[in-house]
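Q: Here it is, the structure in full.
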Amino acid sequence: MASKNNHPGVVADNRKARHDYDIEETIEAGIVLSGSEIKSVRAGRVNLRGSFARVVNDEVFLYDAHIAPYEQSGKYFNHDPLRPRKLLLHRREINRLNGLVRMKGMTLVPLKIYFKGRRAKVELGVARGKKMYDKREDIARRDAARDIDRALKRSRQER
């Protein structure tokens, strides 16, 4: 499940977030998971698309992150796939994030879930939503770079 440019501990990557948002800064947070949830995360059954984080009562929670039910646990011991999950941060980090998010147009977006040692971590991005023309500019820039790379590769092969 890990993509080629990330370290092997990455379980889920929210690539759509980098397309939809300008990421101002990133921060690493721990995540509180139950037993069946951590087993599903280890199996790579996580989807971050459409998820977000929010500061509520001086605590940070992750919403709409889908962690599939663990198949080997019984139906009574499983978890709700979309339940809010508490994120673990230091108090001053929470206060700083709360101040950044209160600015107009800023939000907390999970970028990836990965393992650091035995612990599951979430990389949060403080992000500002992109306008449609910004997305088009990024696509055009990426296409131009791809065309240049192709032309350079072709010219090297002709020699």
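The values are calculated or read from the model by the stated rules, or taken from the named source; none is laboratory data. Nothing here was measured: the structure is a model prediction, and the numbers come from that model. Here the Cβ positions follow ideal geometry from the backbone for every residue, glycine too, while neighbour counts run over all protein chains shown.
Q: Report, ordered by the first and then the second residue, all pairs with beta carbons closer than 7 Å, sequence separation of six or more or different chains, a first member in region 95-114 that is within 24 Å of Ser40 (Cα to Cα), and a second member that is outside any strand (DSSP E or B) and aliphatic (A, V, I, L, M).
A: Cβ pairs passing all conditions: Leu108/Leu97; Leu108/Val101; Val109/Ala17; Pro110/Leu48; Pro110/Ala65; Leu111/Ala17; Ile113/Val41; Ile113/Leu48.
Q: What are the residues in region 39-66 that are aromatic (Phe, Trp, Tyr) and modelled with pLDDT under 90, if any? Quick ask: steps written out before the conclusion?
A: First, pick out the residues of region 39-66 that are aromatic (Phe, Trp, Tyr): 52, 61, 63.
Once the filter is applied, which keeps residues that are aromatic (Phe, Trp, Tyr) and modelled with pLDDT under 90, region 39-66 yields only Phe52.
Q: Ile139: closer than 25 Å to Ala12 by Cα and either touching a strand residue (DSSP E or B) at 6+ places or on another chain (Cβ under 9 Å) or charged (D, E, K, R) (or both), yes or no?
A: no
Q: Please enumerate the residues belonging to region 108-159 that are acidic (Asp, Glu) and over 30 Å from Ser34 (Cα atoms).
A: Within region 108-159, Asp134, Glu137, Asp138, Asp143, Asp147, Asp149, Glu158 meet the criteria.
Q: Let me ask something else. So Asn78 ticks every box in (1) touching a residue at least 40 places away in the same chain (Cβ under 8 Å); (2) not in a loop (DSSP other than H, G, I, E, B) but one. Which box is left unticked?
A: (2)
Q: Find the residue count for region 90-119, including only residues that are in a helix (DSSP H, G or I) and surrounded by 11 or more Cβ atoms within 10 Å (Cβ to Cβ).
A: Initial filter on region 90-119 (in a helix (DSSP H, G or I)): 91-102.
Those left that are additionally surrounded by 11 or more Cβ atoms within 10 Å (Cβ to Cβ): 93-101.
Total satisfying the criteria: 9.
Q: So which residues in region 46-72 are surrounded by 15 or more Cβ atoms within 10 Å (Cβ to Cβ), more than 19 Å from Ala127 (Cβ to Cβ) and either of a type in the set (Val, Ile, Thr) or over 15 Å from the mean Cα position of the chain (by Cα) (or both)?
A: Once the filter is applied, which keeps residues that are surrounded by 15 or more Cβ atoms within 10 Å (Cβ to Cβ), more than 19 Å from Ala127 (Cβ to Cβ) and either of a type in the set (Val, Ile, Thr) or over 15 Å from the mean Cα position of the chain (by Cα) (or both), region 46-72 yields Val46, Ile67, Ala68, Pro69, Tyr70.
Q: Which one of these is out of contact with any helix residue (DSSP H, G or I) (no Cβ under 6 Å at 6 or more places or on another chain), more than 30 Å from Ala68 (Cα to Cα), without any contact (Cβ under 8 Å) to a residue 40 or more places away in the chain and not in a strand (DSSP E or B): Arg154, Arg83? Give the steps one after another, and end with the answer.
A: Values: Arg83 fails: more than 30 Å from Ala68 (Cα to Cα).
Residue meeting the stated conditions: Arg154.
Q: Still on this structure: If I ask for residues that are out of contact with any His (no Cβ under 9 Å at 6 or more places or on another chain) and within 29 Å of His19 (Cβ to Cβ), which ones from region 60-74 would you list?
A: Val60, Phe61, Leu62, Tyr63, Asp64, Ala65, His66, Ala68
Q: Considering only residues that are modelled with pLDDT of 85 or more and surrounded by 16 or more Cβ atoms within 10 Å (Cβ to Cβ), look in region 14-38 and name the one that is farthest from Leu97 (Cα to Cα).
A: Going through the qualifying residues, I end up with Ile38.
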